[in-house]
1. Residues in the stretch B:101-119 that are within 10 Å of another protein chain (Cβ to nearest Cβ) and in a strand (DSSP E or B): how many?
2. Given B:Thr31, B:Thr44, B:Thr5, B:Thr51, which one is on the phi < 0 side of the Ramachandran plot, at pLDDT below 90 and of a type in the set (S, T, N, Q)?
3. Considering only residues that are surrounded by fewer than 16 Cβ atoms within 10 Å (Cβ to Cβ) and not hydrophobic (A, V, I, L, M, F, W, C), which ones fall in the stretch B:6-38?
4. Just name the residue that is nearest to B:Tyr21 (Cα to Cα) out of those in the stretch B:48-74 that are among the hydroxyl-bearing types (Ser, Thr, Tyr) and away from chain A (no Cβ under 14 Å).
5. Hey, can you tell me all the residues within the stretch A:57-114 that are out of contact with any helix residue (DSSP H, G or I) (no Cβ under 8 Å at 6 or more places or on another chain) and of a type in the set (S, T, N, Q)?
6. Determine which member of the set A:Glu55, A:Glu100, A:Glu109 is among the acidic types (Asp, Glu) and closer than 28 Å to B:Ala110 by Cα.
7. How many residues are within 13 Å of another protein chain (Cβ to nearest Cβ) and closer than 17 Å to A:Trp74 by Cβ when one looks only at the stretch A:17-44?
8. Of everything in the stretch A:55-65 that's in contact with a strand residue (DSSP E or B) (Cβ under 8 Å, 6 or more places away or on another chain) and farther than 19 Å from B:Gly77 by Cβ, which residue is surrounded by the fewest Cβ atoms within 10 Å (Cβ to Cβ)?
Protein chains: 2
Amino acid sequence: MFIPTTYTDDTFSISVKKARYVAIQGTQFNTYVTLKLQNVKSTTVTVKGPTPCWEQDFLFETNDISLGLLVEVWNKGVIWDRALGYHYLPLTSVAYNEQESGGRWIELEAQLMMRGGAVVGTTGPTGHSLLLDCRFEPPFGKLLALN
Amino acid sequence: MFIPTTYTDDTFSISVKKARYVAIQGTQFNTYVTLKLQNVKSTTVTVKGPTPCWEQDFLFETNDISLGLLVEVWNKGVIWDRALGYHYLPLTSVAYNEQESGGRWIELEAQLMMRGGAVVGTTGPTGHSLLLDCRFEPPFGKLLALN
């Protein structure tokens, strides 16, 4: 899907699996997920219903472990899309792993917490949750170069 | 496009007209604009080239004049989209106007400025600019109700 061009950065892999919404109106939801890291973002397709399933994988490279990934879930409208919740994932919390696991359910929160111009977390439970699988890929390139 | 259902809120109208990009690689740009107000957003179509033309109109209602509209310009990629620039428009700076005007060129900047968890402005010139026409629509509903 994305071929790394250098081996100086770490490859971060994130799989957006599915969500569970609590609201009664969740049956009418039509939602998608955006992933943002600094000034780049990517977006899943839009899926209907209270338990949408995306199973979409994203890869990116970074050499700055102090960053975090901002995950946003949006309900698509005819003109306006409405944010259902946010989750902030510090890259320091992500482990190296050769293979995908089953993922982990994370809670979506209503608001971003900022410090010094940057997102540092989220607050305010929404009851909605999202199943993500995040990992850093082991640096095969570096190992191969040593052999 | 959007029929107001109450007359307690003001109707804010924004027309996203066109952009001019300075970078040499602008010829390969494929860009779209997002408009965000609190937890709602809307997005233009994606248009190719260094001087894209959208001419898309958006309407929304608000009763909180202390808010601001965050305008983001994104360059669409195969997997990742990259932010080209931002502009923050405080609603207090928007006048009442019955008709659309020719609009106003605004400068896009590289970074958001935050205070207390909210965007308050932008900083860092990019050289890119965007032609917008923003206005509050006069409250015809209220006037009619008085007649």
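1. 8
2. Only one candidate passes the filter, namely B:Thr5.
3. Answer for the stretch B:6-38, where residues must be surrounded by fewer than 16 Cβ atoms within 10 Å (Cβ to Cβ) and not hydrophobic (A, V, I, L, M, F, W, C): B:Thr6, B:Tyr7, B:Thr8, B:Asp9, B:Arg20, B:Gln25, B:Thr27, B:Gln28, B:Asn30, B:Gln38.
4. Looking at residues that are among the hydroxyl-bearing types (Ser, Thr, Tyr) and away from chain A (no Cβ under 14 Å), I get B:Thr51.
5. Once the filter is applied, which keeps residues that are out of contact with any helix residue (DSSP H, G or I) (no Cβ under 8 Å at 6 or more places or on another chain) and of a type in the set (S, T, N, Q), the stretch A:57-114 yields A:Asn63, A:Asn75, A:Thr92, A:Ser93, A:Asn97, A:Gln99, A:Ser101, A:Gln111.
6. Residue meeting the stated conditions: A:Glu109.
7. 8
8. A:Asn63
The values are calculated or read from the model by the stated rules, or taken from the named source; none is laboratory data. Note that the structure is a prediction, hence the values are computed from the model and not measured. Note that we place each Cβ from the backbone using ideal geometry, even for glycine, and neighbour counts take in every protein chain shown.
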